[in-house]
């Protein structure tokens, strides 16, 4: 017996997560290699005592803390079950059939998925030298464009656009088009030319900036992220399409604990260590003969083209799991120094450099 599904399901791209292989070093999912701080774990344990009750549907305490942190009204902030959930909510709230969803490519795999689910037409604009080509993206904005995604720093290429070019792009986009700056890796940025997109909100009311607690804060398994908008209209729409009780009490309390000064200070010290390791890994790869884009995230990108899957297999054979994108390249997360050294050993022995 065959059930009737939407026609779009026949061509809908599926999200491909980084593989977890028993016994292997996992450098495939951009996770932090360290567990949550003991203080945060304690708060999670306390929150678990109320697991028989539904969580606060609107994450009120967390939203207010984030609003105070970023100097905006609470109505301009929305929490979600990871920033990826907010991406799905954005497509549900903004895009519909005959509309267009615009994004650079290759970028975060979820963008074409949410475009297809909404019924809108995806418009993928090729990167230039592994970086978003914002001039080309601006040229593709049409009367049908309703939603634009800019992942900055970009996943999976690790590159970032600078403030001046991002401002020019935002100025070129009509005010009624929602622009999303996805800043999942913002905490790892060291280039002063890469903006904090939150500083652009007052001049661009159609802008929403997404952040997450999954990466720098080490809460990937709890699924907690948030968005800050230039006006309250978009967060209000996101709350309308949110699944009830999507953000658990454990996630809300873990995020609140992570924002407290002492905890955040320790977490940002971890981020600095990851950045040091990122730069070491990149410099070592370059010394080995690889071409590696400047990384502003917690991973590096190897442009491998047709050799991508072969390289991934070589890593698998050595007990190291990376994230291949067939025909394009491999994304390699930054782990502990020992884990990174295991990867660098594979890279040094691989016969093809790109």
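The values are calculated or read from the model by the stated rules, or taken from the named source; none is laboratory data. In this text, all values refer to a predicted model and were calculated from it rather than measured experimentally. With ideal geometry, Cβ positions are generated from the backbone for all residues, glycine too; neighbour counts draw on all protein chains shown.
Some observations on this one:
- Positions within segment 252-298 being over 28 Å from residue 79 (Cβ atoms), in a helix (DSSP H, G or I) and touching a residue at least 60 places away in the same chain (Cβ under 8 Å), in sequence order: 277, 278, 280, 281, 284, 285, 288
- Residue 41 meets each of the listed conditions (1) crowded, with 18+ Cβ neighbours inside 10 Å; (2) under 16 Å from residue 213 (Cα atoms) apart from (1).
- Residues that are out of contact with any strand residue (DSSP E or B) (no Cβ under 8 Å at 6 or more places or on another chain), surrounded by fewer than 24 Cβ atoms within 10 Å (Cβ to Cβ), modelled with pLDDT of 95 or more and not in a loop (DSSP other than H, G, I, E, B) are absent from segment 148-162.
- Per-region count, segment 206-230, residues touching a strand residue (DSSP E or B) at 6+ places or on another chain (Cβ under 9 Å) and either crowded, with 24+ Cβ neighbours inside 10 Å or closer than 19 Å to residue 68 by Cα (or both): 15
- Residue match in segment 114-134 (condition: under 21 Å from residue 30 (Cβ atoms), crowded, with 17+ Cβ neighbours inside 10 Å and in contact with a helix residue (DSSP H, G or I) (Cβ under 8 Å, 6 or more places away or on another chain)): yes
- Residues being exposed (fewer than 10 other Cβ atoms within 10 Å of the Cβ) and under 22 Å from the mean Cα position of the chain (by Cα) - total across segment 1-14: 1
- Qualifying residue in segment 164-174 (condition: under 12 Å from the mean Cα position of the chain (by Cα), over 18 Å from residue 141 (Cα atoms) and in a helix (DSSP H, G or I)): no
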